[in-house]
1. If I stretch the segment between residue A:65 and residue A:16 completely, what's the gain in nm (0.36 nm per residue apart, minus their alpha carbon distance), one decimal?
2. Kindly put A:24, A:46, B:152 in sequence by how many other C-beta atoms sit within 10 Å of each C-beta, fewest to most.
3. Residues of B:63-72, mean number of Cβ from any other protein chain within 10 Å of their own Cβ, rounded to a whole number?
4. Let me know the mean shielding of A:25-34 by other chains, meaning the per-residue number of their Cβ atoms within 10 Å of its Cβ.
5. In the structure shown, do any of A:42/A:70; A:186/B:7; A:57/A:186; A:89/A:167; A:89/A:178; A:70/A:169 have a Cα-Cα gap over 32 Å, and if so which?
6. With a 10 Å radius around each residue's Cβ, average the other Cβ atoms per peptide and rank A:168-179, A:70-81, highest first.
7. Need one number: nm distance between label points at residue B:158 and residue B:39, each 7 Å from Cα along Cα→Cβ, rounded to one decimal.
8. Identify all lysines with a Cα-Cα distance to residue B:109 below 27 Å; exclude those on the same chain that are fewer than 8 residues away in sequence.
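Values quoted throughout were computed directly from the atomic coordinates according to the rules given, and no laboratory measurement underlies them. Just so it is clear, the structure is predicted and the values come from calculations on it, not from any experiment. No Cβ is skipped: glycine too gets one built from the backbone with ideal geometry, and neighbour counts run over all protein chains shown.
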Amino acid sequence: MQSKLSDIELIDLTLAGDQSAYADLVKRHQRFVFTLALRFAKTREDAEEIAQDCFIKAYRSLESFQRQSKFSTWLYSIVYTTAMTALRKKRVETASIDDENTFIQVESQNSSFDVNNAENRSRSFYVNQAISQLLPDDAMIITLFYNGEQSLEEIGQTMGIDPNTVKVKLFRARQRLKEKLERNLKHEVKELI
Amino acid sequence: MNTAEEKLWNYIDGTCTPAEQEAIQLQIQQDEAFAAKYRELLLLNSEFAATELDEPPMAFTYNVMESIRKEYAATPLKASINKNIIRGIGLFFVIMISALLVFTFSQVKLGTGGLGAMPVKFSLPNLSPLFSGPVMQVFWFLDIVLALYLFDNYLRKKRLTKTDISVHTGGQQDTH
């Protein structure tokens, strides 16, 4: 059962030594943090590791949380920096993150086994698939804006950029997402025919 | 310069000025192609917003809390002791040593007859009553009682450990 206390109340309890309060905070934010981590990681295992790492880092530096912004904004900024660091480490092992085809290739590998169920897929499946094909920054902005219900200012704080830059990036991310969605749907129609 | 699409996204997000908003509303009413584009983007917007969050594994919270517990349990005792206590003890000793030095030097009378003729006079407290017969007897009595008590404790612990081992290994318990 989720706690009815606010994030700030749970933080105060955690700082007073109540670890179960922090467990409630983790439960409350884990789905979103995990989804954000998935935007950067190629596998669920990697995403789980990143998300876990974020919550541990947040616990360690909970005392330094200034409370000038929402806890979620502060937590998402930890997710962003942790995920970017993890991505840079992986980049050494694999191809460059700037190579958009890398992500397309990975995604097509992941989705290849259920191509016969195309007719059963919902429209949201295709949107999710298209999001996972975007560059991490684009996917992050889309997720923060739509799922995290974050304002342009809050996204700017999370990613350490100006709100106007966020606006421009959001526009471009939507355009790319639209293109990918159209391409994937066209591909699925071909598969059905 | 803003493209039609950019204008429409700003309109949908509500980030344009009231004047721009009015102009776009008018264009939607008058321009059919623009209105079609608006409907298309509105549909996309609702689809983007309808995406669901991914679910982490069932044991996610447990794993996080377990990692935190392990990390904090592994903190060495040295790190968990309040540094102020250590500083306080240090300060106490520094003050004591300083006081002793001040007291000692204040007792020293430096003369002009050279170091060999330095008349140093220490007045030590008289401790001889402490080593008198009855005091020493009480001291030895308490020492023996304490030693017996500690020895008894030691034997009890040893017997308990033996019993535990025999229970865990399936052996018979020591009834003594």
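1. Result: 16.2 nm gained on full extension.
2. Ranking A:24, A:46, B:152 by Cβ neighbours within 10 Å, fewest first, gives B:152, A:46, A:24.
3. 5
4. What the average comes to for A:25-34 is 4.
5. Exceeds cut-off: A:57/A:186.
6. The densest-packed peptide leads the list: A:70-81, A:168-179.
7. 9.4
8. Straight-distance partners of residue B:109: B:121.
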